[in-house]
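Below is one structure, written out as structure tokens; the observations come after it.
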Number of protein chains: 2
Amino acid sequence: MDRYLVISSDGHAGPRPEVYRDYLDPQYRAEFDVQHAARMAALEQAGEMLEMRQETIRWGQDKAHGLAGAWDSDRRNEILDADGVAAEILFVDGLTESNSPPFGGDLGLQPVGVVPELQWAGARAHNRWMAEFVAQCPLRRFGLASVTPYWGVDEAVKEVRWARVNGLRGIMLPHMMTGQDPYHHPKYEPLWRVCAELGMVIHFHSGAAPMQEYFGAALFGPQAGAEPPVPLPGALGIYVTEVAWWLTRPLVFMIWGGVFERHPQLKVAITEGSTIWVPELLALMDQRFGDHHFSAKLGTGYKQHLRLKPSEYFRRNVRVGSSAMSRREAEMRHQIGLQTIMWGSDYPHPEGTWPLTRQMMVEVFRGLPEAETEAMLGGNAADFYGFDRAALAPIAARIGPERSLFAAA
Amino acid sequence: MDRYLVISSDGHAGPRPEVYRDYLDPQYRAEFDVQHAARMAALEQAGEMLEMRQETIRWGQDKAHGLAGAWDSDRRNEILDADGVAAEILFVDGLTESNSPPFGGDLGLQPVGVVPELQWAGARAHNRWMAEFVAQCPLRRFGLASVTPYWGVDEAVKEVRWARVNGLRGIMLPHMMTGQDPYHHPKYEPLWRVCAELGMVIHFHSGAAPMQEYFGAALFGPQAGAEPPVPLPGALGIYVTEVAWWLTRPLVFMIWGGVFERHPQLKVAITEGSTIWVPELLALMDQRFGDHHFSAKLGTGYKQHLRLKPSEYFRRNVRVGSSAMSRREAEMRHQIGLQTIMWGSDYPHPEGTWPLTRQMMVEVFRGLPEAETEAMLGGNAADFYGFDRAALAPIAARIGPERSLFAAA
């Protein structure tokens, strides 16, 4: 084939925000009406957050046709064809026309400031919508259910089973564990077990972080005391510096907690936090696991349940979705791990590659060995997620980027 | 001179725990008696924490003579002479015979589970003791006051002034900001100002981290609900993986918050978290600061108060104390920044270099250019802290490690 099979490890889809009302269980619709109105009004926040929203709106001004691919099945395939993408992993959206699911059932699924029952209702509304969206083109769409494990592991297990039966192939879990039992807690065992049993791939997706720490009370509610709230300077800089660390945190808890020791088949993808962090994190964990001067005082109790080194669990069980991947990552591919890297477009988000996907792909992969480009652009994802390569081949042959474009200049 | 001037960026000193009673203001002594007894009893904790404590005790069994340098002035100089160390930066201890100051006034200074007034009392007891300890040999001892800024910035400013008058030359601040206003909050302005004005070097020292998240309720108090507490597996592995990140976090807040923009003279040292993280953190912050595809949607509000790049503030205002420095760091010295690295022994802690300091130094620096070894072993610290090189020269000439030992094998 003279074209690459491209699979995006990071796509977002969701209906216009008001549409979620119809996907909610009826008893939550009155509350939806109240909260939806309040949320739309609150979007006009002050300061850096408002500026970020304005930049997103400005970027989208001339892109209404393409952005409708967030919810329109035909439009989505049209855009993917133009981008050269044969298939994709689908997370909830939230940026396109501010289409987050209601009640905190959004991309962050943060366990703070939410009512558990309502957060579940919001997440389930999205999962129902996503199941329909995937059913419109199951070959090209690997859909994820949003699952919060904090409000009862049994509920989470039930949702995983529901998702599998309804054509979704993986789940997204919140990576912020704020105030909840973190992911090395044995209580999550049934969740890991059902995911391993059903082959449901677990995802953590970038975005959430302790925003109140960054932005302060000005944006996130009143401060104790009588003084007027003070917006904190540089908050967005701190956010974009830390955001990938919060994303990767659950992995550290799962590896040391022995989750992959007990579930060798479990698959985890870490998405949209770049892949730059991989070499140092693995080196650090392996050093802490091994016999190092610093570790001598630690004893052995913290690692005797692990038969492999942390990096070995990582290589076996984990892949990383690199959204709008950089040339630097391509150059570091052997340190990062060639098999670890799964390119992603992040369509339809402004920090993604669309509508310049083909051009950005070429800039990133130009001149690399074909087999390696093939792996990062789609082969690794095809293997990890179990895509039907034979069925996707005709699509790739029609719309995939031509290999010749990637030749060294 | 045929020997190196060695300055340890990381030393710990403090009296036996019961001695802190005498350094407390009298009104806190009754409470000290109650809490001291409880703390000593609680040290026999279960699980990995106990194992770590046992390893520390085992390591110290044949070292009572040397460990007494934690509080005995003559003994300390004897050990430093044997180690080849001419001078050192002195933090509070806590490991040697469990000699943490009372009431949470310890190395972590965590703002959780403490009574502010008592935490101040504990920290001040230590600061008084440290001032005396420094006065016994001021040439070789750069002593730090422990300061918590969370319970009123005015109190913190007063303590900085007290410390300066009493011969201490810098302060240690808590790096865990849990639930308190983080370090980009404008309320801390008077603290940065007084430190810049008096030339008091600010320190963050490794150790504190969200232990309850790692170890769970088994070690840190009862969980909500009726079930018995469950110790969480792999907790120490998570701790040693994350601990350096928590240490460096305040730096990210201070840089983006513009603290170094407003206070070009302010000095910050980050101690005992290795230096491995420096290149990636600076690359990441500069990327987020610059015009990068990912940053386009951020607008400019988050950085318009910064005239320099994050890495430029770092190079100008920050140094890193590398305790029990590794060969890998020496090999990465130009990526890390030759001037950034300040070797440290961490005496008298088990993860430090003592009593093998001379041998470990040689292993780390063997074969490097002499001027570079000189900078990392002591020159950088001499410049940063303003040590009196002329006065230290005779000591270094007597006890410093011989340059010839470091020649390539």
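FYI, it's all coordinate maths here, none of it is from the lab. Not measured: the values here are computed from a predicted model. For neighbour counting, all protein chains shown are included, and Cβ atoms are generated from backbone atoms with ideal geometry for every residue, glycine included.
Any chance you could check the Cα centroid distance between the range B:347-362 and the range A:1-43 for me, in angstrom?
The range B:347-362 and the range A:1-43 have Cα centres separated by 57 Å.
Show the residues, 5+ positions off or on another chain, whose built amide H is closer than 5 Å to the amide H of A:Ser146.
Long-range HN contacts for A:Ser146: A:Asn127, A:Met172.
Hey, if you put +1 on the Cβ of every Lys and Arg and -1 on every Asp and Glu Cβ in the range B:7-406, which of B:Asn99, B:Val243, B:Val34 ends up farthest toward the positive end of that dipole?
B:Val243
Within 10 Å of each Cβ in A:300-312, how many Cβ atoms from other chains are there, averaged over the peptide?
Details: counts 4, 12, 13, 5, 2, 2, 3, 0, 0, 0, 3, 0, 0.
Average neighbour count from other chains, rounded to a whole number: 3.
Would you kindly derive the ³J(HN,Hα) couplings of the range A:153-170 from the backbone phi angles with the Karplus curve 6.51 cos²θ - 1.76 cosθ + 1.60 (θ = phi - 60°), listing them in order in whole Hz, with x for Gly and Pro?
My calculation for the range A:153-170 gives 5, 4, 4, 5, 4, 4, 5, 4, 5, 4, 4, 4, 5, 9, x, 8, 10, x Hz in order.
Relative contact order of chain A: what whole-number percent is it, with Cα pairs under 8 angstrom and at least 6 residues apart?
Numbers: 720 pairs, mean separation 90.8, N = 409.
This gives 22 percent for chain A.
For A:Lys309, go 7 angstrom from Cα along the Cα-to-Cβ vector, then report the distances to that same point in the other copies in nm, smallest first.
3.3
Per residue of the range A:131-136, what does 6.51 cos²θ - 1.76 cosθ + 1.60 with θ = phi - 60° give for ³J(HN,Hα)? Whole Hz please, x for Gly and Pro, Karplus curve as stated.
Running phi through 6.51 cos²θ - 1.76 cosθ + 1.60 with θ = phi - 60° gives 4, 5, 5, 5, 5, 6 Hz.
From other protein chains only, count the Cβ atoms within 10 Å of every residue's Cβ in A:269-277, then give the mean.
Numbers: counts 0, 0, 0, 1, 0, 3, 0, 4, 2.
Per residue, the average neighbour count from other chains is 1.
If we hang a label 7 Å off Cα along the beta carbon direction at B:Gln339, how far is it from the matching labels on the other copies, in nm, shortest first?
4.6
What number comes out for the charge environment of A:Arg403, summing +1 per Lys or Arg and -1 per Asp or Glu over other residues with Cβ under 11 Å away? Spell out each step's value before the answer.
Numbers: positive: A:Arg3; negative: A:Asp2, A:Glu370, A:Glu374, A:Glu402.
Residues near A:Arg403 contribute -3 overall.
In whole Hz, what ³J(HN,Hα) sequence does the range A:281-288 give by Karplus (6.51, -1.76, 1.60; θ = phi - 60°), x for Gly and Pro?
5, 5, 4, 5, 5, 5, 5, 5
Using mean Cβ contacts within 10 Å as the protection proxy, how do B:31-37, A:302-308, B:381-387 order, highest first?
Numbers: B:31-37: 14.7, A:302-308: 16.7, B:381-387: 19.4.
Packing proxy ranking, top to bottom: B:381-387, A:302-308, B:31-37.
Under 5 Å between amide hydrogens, which residues at least 5 positions from A:Arg3 or on another chain qualify, with H placed 1.01 Å from N in the peptide plane?
For A:Arg3, whose amide H was placed from the backbone, the distant partners under 5 Å are A:Arg403.
Please give the charge dipole size of the protein assembly as shown, origin at the Cα centre, charges +1 on K and R Cβ atoms and -1 on D and E Cβ atoms. Round to the nearest 20 debye.
Magnitude of the dipole: close to 760 debye.
Just grab the label-to-label distance for B:Ser98 and B:Lys158, each label 7 Å out from Cα along the Cβ direction, in nm (one decimal).
Label at B:Ser98, label at B:Lys158, 3.3 nm between them.
Within 10 Å of each Cβ of B:248-255, how many other protein chain Cβ atoms are there on average? Show your work: numbers first, answer last.
Working: counts 0, 5, 0, 0, 6, 9, 2, 4.
Partner-chain Cβ atoms within 10 Å, mean over residues of B:248-255: 3.
For a quick check: with amide H placed at 1.01 Å from N, whose amide H comes under 5 Å from A:Asp10's, ignoring anything fewer than 5 positions away on the same chain?
A:Ile89, A:Ser345, A:Asp346
Could you tell me which of the pairs B:Lys187/B:Lys309; A:Lys303/B:Lys63; A:Lys297/B:Lys63 are separated by over 20 angstrom between their Cα atoms in the structure shown?
Numbers: B:Lys187/B:Lys309 24 Å; A:Lys303/B:Lys63 28 Å; A:Lys297/B:Lys63 15 Å.
Checking Cα-Cα distances, B:Lys187/B:Lys309; A:Lys303/B:Lys63 exceed 20 Å.
List the aspartates and glutamates whose alpha-carbon lies under 17 Å from that of B:Lys158, not counting same-chain residues fewer than 8 positions away?
B:Asp25, B:Glu117, B:Glu189, B:Glu197
Among A:Met342, A:Met177, B:Met254, B:Met40, which comes first, then next, by fewest other beta-carbon atoms within 10 Å?
Numbers: A:Met342 31, A:Met177 21, B:Met254 26, B:Met40 12.
Ordered from fewest to most neighbouring Cβ atoms within 10 Å, A:Met342, A:Met177, B:Met254, B:Met40 come out as B:Met40, A:Met177, B:Met254, A:Met342.
For the protein assembly as shown, what is the calculated [θ] at 222 nm in deg cm²/dmol (nearest 500), taking -39500 (n - 2.57) for each run of four or more DSSP H residues and dividing by its residue count? List each step's numbers first, then the result.
On the way: 40 runs with 371 residues, N = 818.
Result for the protein assembly as shown, helices only: -13000 deg cm²/dmol.
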